[in-house]
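Take a look at the structure below.
The values are calculated or read from the model by the stated rules, or taken from the named source; none is laboratory data. Bear in mind that the values here come from a model prediction, so they are computed numbers and not experimental data. Ideal geometry is used to build each Cβ from the backbone, glycine not excepted, and the neighbour counts take in all protein chains shown. Accessible surface areas use protein heavy atoms only, side chains included; no ligands, DNA or RNA. Shrake-Rupley method; radii C 1.70, N 1.55, O 1.52, S 1.80 Å.
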Amino acid sequence: MKSGSVGWECSLSPHFNLIYYFSHLPGANPFQSLLKEINVNGETFHYFDIASFPEYRELPYSVRVLLESAVRNCDNFQVLEKDVRGILRWKQLKGTPSSEDELEIPFKPARVILQDFTGVPAVVDFAAMRDAVLKLGGDPDRINPICPSDLVIDHSVQVDFARSEDALAKNQDLEFERNKERFTFLKWGAKAFNNMLIIPPGSGIVHQVNLEYLARVVFQDAKEGEKRMLYPDSVVGTDSHTTMINGLGVVGWGVGGIEAEAVMLGQAISMLLPEVIGYKLVGKMNPLVTSTDLVLTITKHLRQIGVVGKFVEFFGPGVSELSIADRATISNMCPEYGATVGYFPVDKNALDYLRQTNRAEEKVRVIEAYLKTTNQLRDFGNAEQDPVFTQIVELDLASVVTSVSGPKRPHDRVAVSEMQQDFRQCLINKVGFKGFAVPEAEMNAEGSFSWTDGKTYSLRHGSVVIAAITSCTNTSNPSVMLGAGLLAKKAVEAGLKVAPYIKTSLSPGSGVVTYYLKESGVIPALEELGFNVVGYGCMTCIGNSGPLDDNVANTIEKNNLVCCGVLSGNRNFEGRIHPNTRANYLASPLLVIAYALAGTVDIDFEKQPLGTRPDGSAVFLRDIWPTRSEIQTVEQKHVIPAMFRDVYAKVELGSPAWQDLNAPTGKLYPWDTQSTYIKRPPFFDGMTRELPKIGNIVNARALLNLGDSVTTDHISPAGSIARNSPAARFLSDRGLTPRDFNSYGSRRGNDDIMARGTFANIRLVNKLVPRPGPRTLHIPSGEEMDVFDCAQRYGSEGTPLIALVGKDYGSGSSRDWAAKGPYLLGIRAVIAESYERIHRSNLVGMGIVPLQYLAGQNAESLGLTGQELFSIAIPENCKPHERIMVHTDCGKQFEVIVRFDTEVDLEYFRNGGILNYMIRKMID
């Protein structure tokens with residue numbers, strides 16, 4: 001069965017027209033007449049001529065990809081002819097800001113990409129689904145990916161070893177020792193499930209491997225006996241930064257792991273036809289600014305405009321000024337500006353990038369021919385190709401200035417020229433996204449400590465204690481990585497040093513980065529400043545910076561200092577980077593080194609030097625900052641196809657340690673009941689073949705009463721396992737010492753750990769208790785408890801649970817455990833002011849009811865304290881966006897909107913979640 005096709009096992013959708021079904025049998029594509037042939041390199045390929053539709057010319061390029069998928073997969077079963085006609089009406093439905101008609105459409109992406117944080121739970125769920133199908137009398141072999149699935153084990157490396165020549169080897173050896181069981185399980189999955197490619201650990205971060213190696217741009221393969229079809233590459237991935245691939249012209253976005261699993265099994269994604277915001281780029285960037293500065297500018301701009309749930313498509317002559325790596329940097333930050341995609345259509349630069357990254361020339365020719373034939377190849381200098389957009393906004397690249405973002409959110413951009421003033425203002429502001437409320441008497445607090453070099457060092461507010469060039473957005477971009485290397489080289493030549501107590505690290509996104517840094521001769525300078533290569537994978541950005549020296553940590557805590565982390569990552573939410581860095585700033589790799597050299601963010605680079613030369617003369621940042629032309633000269637010389645060929649030639653083979661792993665064999669996984677890493681989840685326990693009845697929620701308690709911008713970092717377990725947490729107690733009871741706790745990410749395959757880590761963030765602000773932290777109030781006893789312990793107590797009392805939350809609930813990473821965890825805690829419904837797109841979908845996928853206050857209302861305006869009893873009647877014939885009543889024991893009642901956005905959402909809910917729905921399909 002080819003990618004994107006669906007067999008007879010698929011059930012009828014709940015809104016299917018039976019008469020229509022009999023007149024158009026499944027598999028009889030009504031658009032078969034559009035199937036055409038094209039000859040390239042002497043080979044014949046087939047494709048659907050979507051450009052022949054009269055409406056096609058005005059469609060945004062991103063919508064053209066949705067259209068092609070619908071046409072190719074139209075079987076009047078999962079994808080109906082009316083769905084195609086609906087997409088063709090995009091201009092009428094979404095072509096202006098005043099267009100409000102909503103149309104639900106199916107989308108079948110060409111492939112799925114998994115990173116191991118969510119890949120492990122996906123394989124765990126697949127293994128458990130096989131068990132459930134067998135138990136219910138079905139064939140477990142039917143639980144197999146239909147949609148091609150790439151799983152990259154970009155395992156989260158904790159930076160235990162930083163400033164060391166062999167830091168990379170030490171960290172990777174330690175991580176392999178810690179994660180051997182997890183890796184063994186994934187190796188079993190690679191054999192047990194068809195159509196799944198696994199990239200072994202140590203290869204790089206998933207998004208960069210996707211960009212440099214996995215992305216097809218145009219699919220051109222076929223199984224034996226089938227026509228060779230050409231169609232656009234498209235992807236959904238289990239990380240919100242899947243959007244990075246948009247920079248190469250591949251439509252893709254992040255979904256929850258739960259939804260990804262359904263797609264892997266052949267289920268179409270149900271989505272609303274999107275608005276498309278045209279973001280026009282004009283002008284040229286100042287030669288001293290970087291792509292990071294540009295993306296932070298765009299992120300803030302689009303947040304102000306409001307693009308949540310929309311497509312953003314970039315166009316205009318300024319796009320041609322940006323490399324693919326620059327575009328990928330912008331696309332990767334898409335979740336931070338809230339859009340579904342940040343799309344750059346394919347142009348000549350994209351084709352040249354494919355050649356640069358060692359894609360076969362004959363394949364590039366096929367890609368180019370197909371895209372030209374279907375009018376999907378973009379010339380950004382030709383305004384006649386500009387499609388219709390819902391709305392157009394513009395940015396002059398010349399207006400971009402050197403910037404950072406922080407101290408607590410990625411879209412709070414600050415010009416570096418204003419950084420010192422902004423940080424000092426944050427110190428005195430009331431507690432919030434831009435405030436720490438430091439008392440006036442403590443503004444000049446200072447603490448000293450002795451270091452192993454015999455010197456005494458001091459820390460103040462603003463002192464940098466972590467400086468990390470991380471494997472998130474920026475290490476896909478040679479311009480900023482080589483720029484950082486050149487800056488380091490000039491700094492060393494000027495005699496500058498980084499204080500030894502600052503935890504510095506360099507974690508490239510792939511081996512290619514290390515390759516060109518070595519070839520360009522900048523590695524020695526980076527290492528001289530402490531930026532040794534420490535590993536390939538998620539590190540500081542996900543909270544795996546490792547422990548700070550006790551002297552540093554104790555000095556910070558004793559003096560209540562607002563010390564800082566500076567990182568070239570995507571996210572800097574509270575509590576994410578490190579418990580001892582209350583302020584965290586996103587910055588280009590160049591600025592990470594600059595602030596490490598300065599030792600503080602409380603500096604004006606224009607007026608204050610970074611240090612002095614041996615002769616006593618001052619060295620300012622401008623003295624060592626490389627120009628864009630300097631960087632480009634080095635890049636053109638050293639970033640060449642041979643590097644990509646050498647690095648990726650054996651990437652699927654893996655390291656000797658990976659090759660030596662002995663994995664189980666067989667279709668069913670032999671679960672180890674004593675394992676603290678891999679455990680069969682309880683999601684399908686008690687499942688029946690028949691649909692359960694929709695039950696009302698009666699006399700529920702609010703487990704939490706939360707405010708705005710509660711991220712998945714607050715909800716889902718991430719980072720290190722705190723020694724005083726319920727998860728730590730669970731592991732200790734099983735004989736593990738803190739050294740062996742590992743991280744929550746590494747233990748995502750064990751629901752016992754993950755449930756105990758849900759809402760365990762130290763910065764969680766729960767209005768039911770007086771202080772931030774993972775605590776809540778049990779009602780009616782009035783006892784303050786850990787969130788997990790309280791949920792267990794409510795469970796033993798037979799009390800259902802809900803959560804009250806504010807705006808943008810579930811923003812941040814697309815973590816399935818942000819929905820699975822609350823489900824295991826017993827939360828049946830969430831009442832929010834608004835939801836992040838992926839998280840709302842994940843809640844539905846776990847059978848949790850997402851409810852939304854009416855506009856202008858929230859818990860505070862309704863006078864809710866969170867200590868009430870709540871009763872919610874869910875209608876048996878509930879409709880999308882239906883309004884229902886919530887009743888409380890204090891006499892207050894209020895209307896809410898049921899955020900089932902589509903009929904498919906409702907079908908998933910009726911089944912108890914997406915995976916339960918898929919199991920019932922497999923046993924029909």
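Within region 88-103, the residues that satisfy the criterion of being part of a helix (DSSP H, G or I) and surrounded by fewer than 24 Cβ atoms within 10 Å (Cβ to Cβ) are 88, 91, 92, 93. For region 503-516, which residues satisfy the criterion of being buried (at least 24 other Cβ atoms within 10 Å of the Cβ) and not hydroxyl-bearing (Ser, Thr, Tyr)? Of everything in region 503-516, those that are buried (at least 24 other Cβ atoms within 10 Å of the Cβ) and not hydroxyl-bearing (Ser, Thr, Tyr) turn out to be 503, 506, 508, 509, 512, 513.
Given the structure, is residue 157 β-branched (Val, Ile, Thr), open to solvent by less than 10 Å² (accessible area, probe 1.4 Å) and modelled with pLDDT under 90? In short, yes. When each of 823, 794 is tested for being under 20 Å from residue 898 (Cα atoms) and buried (at least 18 other Cβ atoms within 10 Å of the Cβ), the lone residue that passes is 823. Among the residues of region 875-924, those identified as hydroxyl-bearing (Ser, Thr, Tyr) and under 26 Å from the mean Cα position of the chain (by Cα) are 902, 908, 917. Taken as a whole, the structure places residue 505 among residues that are in contact with a strand residue (DSSP E or B) (Cβ under 6 Å, 6 or more places away or on another chain) and in contact (Cβ under 8 Å) with a residue 60 or more places away in the chain. A Cβ distance below 7 Å, combined with a sequence gap of six or more or placement on separate chains, defines the contacts here; from region 420-442, residues that are under 26 Å from residue 608 (Cβ atoms) and touching a residue at least 40 places away in the same chain (Cβ under 8 Å) reach residues that are assigned to a helix (DSSP H, G or I) and open to solvent by 60 Å² or more (accessible area, probe 1.4 Å) in the pairs 438/428. Selection of region 567-618 for residues being over 21 Å from residue 436 (Cα atoms) and either outside the structural domain of residue 478 (by the TED database) or touching an Asp or Glu at 6+ places or on another chain (Cβ under 8 Å) (or both) yields 570, 588. Screening residue 345 on (1) open to solvent by 10 Å² or more (accessible area, probe 1.4 Å); (2) not in a helix (DSSP H, G or I) shows it passes everything except condition (1).
Under the condition of being out of contact with any Gly (no Cβ under 8 Å at 6 or more places or on another chain) and surrounded by 21 or more Cβ atoms within 10 Å (Cβ to Cβ), the residues counted in region 217-230 number 3.
Suppose we filter 725, 720 for residues that are assigned by the TED database to the domain that holds residue 915, under 24 Å from residue 787 (Cα atoms) and at pLDDT 90 or above; which single one remains?
Step by step, each of 725, 720 is checked, and only 725 is assigned by the TED database to the domain that holds residue 915, under 24 Å from residue 787 (Cα atoms) and at pLDDT 90 or above.
For region 687-717, what are the residues that are at pLDDT 90 or above and assigned to a loop (DSSP other than H, G, I, E, B)? Correct list: 687, 688, 689, 690, 691, 696, 707, 708, 710. Candidates in region 491-546 are the residues that are among the aromatic types (Phe, Trp, Tyr) and assigned to a loop (DSSP other than H, G, I, E, B); of these, the one that is farthest from residue 212 (Cα to Cα) is 501.
Looking at region 189-267, the strands (runs of 3 or more DSSP E) lying wholly inside it that each contain 3 or more residues that are among the aliphatic types (A, V, I, L, M) and in contact (Cβ under 8 Å) with a residue 24 or more places away in the chain sit at 196-199. Of the residues examined, residue 920 is one that is within 30 Å of residue 131 (Cα to Cα), open to solvent by less than 30 Å² (accessible area, probe 1.4 Å) and charged (D, E, K, R). Does residue 331 fit the bill of being open to solvent by 10 Å² or more (accessible area, probe 1.4 Å) and either in contact with a Lys or Arg (Cβ under 6 Å, 6 or more places away or on another chain) or under 30 Å from residue 481 (Cβ atoms) (or both)? No, not satisfied. Considered as a group, the residues in region 772-790 that are over 13 Å from residue 725 (Cβ atoms) and under 29 Å from the mean Cα position of the chain (by Cα) include one that is modelled with the highest pLDDT, and that residue is 776. A search for C-beta distances below 8 Å between a residue of region 540-560 that is not assigned by the TED database to the domain that holds residue 720 and any residue that is open to solvent by 20 Å² or more (accessible area, probe 1.4 Å) and part of a helix (DSSP H, G or I), counting only pairs 6+ apart in sequence or on different chains, returns 560/442.
Listed conditions (1) assigned to a loop (DSSP other than H, G, I, E, B); (2) open to solvent by less than 10 Å² (accessible area, probe 1.4 Å) are all met by residue 308, apart from (2).
Of all helices (runs of 4 or more DSSP H) completely enclosed by region 565-667, which ones contain at least 1 residues that are over 31 Å from the mean Cα position of the chain (by Cα), over 22 Å from residue 498 (Cβ atoms) and of a type in the set (Lys, Arg)? Filter on region 565-667 gives 628-638. Close Cβ contacts (under 7 Å, 6 or more residues apart or on different chains) running from residues in region 902-915 that are hydroxyl-bearing (Ser, Thr, Tyr) to residues that are open to solvent by 30 Å² or more (accessible area, probe 1.4 Å) and not in a loop (DSSP other than H, G, I, E, B) comprise 902/104; 902/270.
When region 38-55 is filtered for residues that are exposed (fewer than 11 other Cβ atoms within 10 Å of the Cβ) and touching a strand residue (DSSP E or B) at 6+ places or on another chain (Cβ under 7 Å), only 44 remains.
Selection of region 749-764 for residues being in a loop (DSSP other than H, G, I, E, B), touching a helix residue (DSSP H, G or I) at 6+ places or on another chain (Cβ under 6 Å) and open to solvent by 10 Å² or more (accessible area, probe 1.4 Å) yields only 761. The strands (runs of 3 or more DSSP E) found wholly in region 370-485 and carrying at least 3 residues that are surrounded by fewer than 23 Cβ atoms within 10 Å (Cβ to Cβ) and out of contact with any Lys or Arg (no Cβ under 9 Å at 6 or more places or on another chain) occupy 446-450, 456-460.
Only one entry in 543, 565, 611 is small (Gly, Ala, Ser), closer than 27 Å to residue 172 by Cβ and in contact with a strand residue (DSSP E or B) (Cβ under 6 Å, 6 or more places away or on another chain), namely 565.
Consider region 864-881 and keep the residues that are modelled with pLDDT of 95 or more and open to solvent by 20 Å² or more (accessible area, probe 1.4 Å). The one that is nearest to residue 909 (Cα to Cα) is 871. Filtering region 769-784 to residues that are touching a Lys or Arg at 6+ places or on another chain (Cβ under 7 Å) and either among the hydroxyl-bearing types (Ser, Thr, Tyr) or assigned to a strand (DSSP E or B) (or both) leaves 778, 784. Taken together, the residues in region 669-685 that are open to solvent by less than 70 Å² (accessible area, probe 1.4 Å) and assigned to a loop (DSSP other than H, G, I, E, B) amount to 8. Can you say whether residue 859 is open to solvent by 50 Å² or more (accessible area, probe 1.4 Å) and modelled with pLDDT of 90 or more, as far as the supplied structure shows? No, not satisfied.
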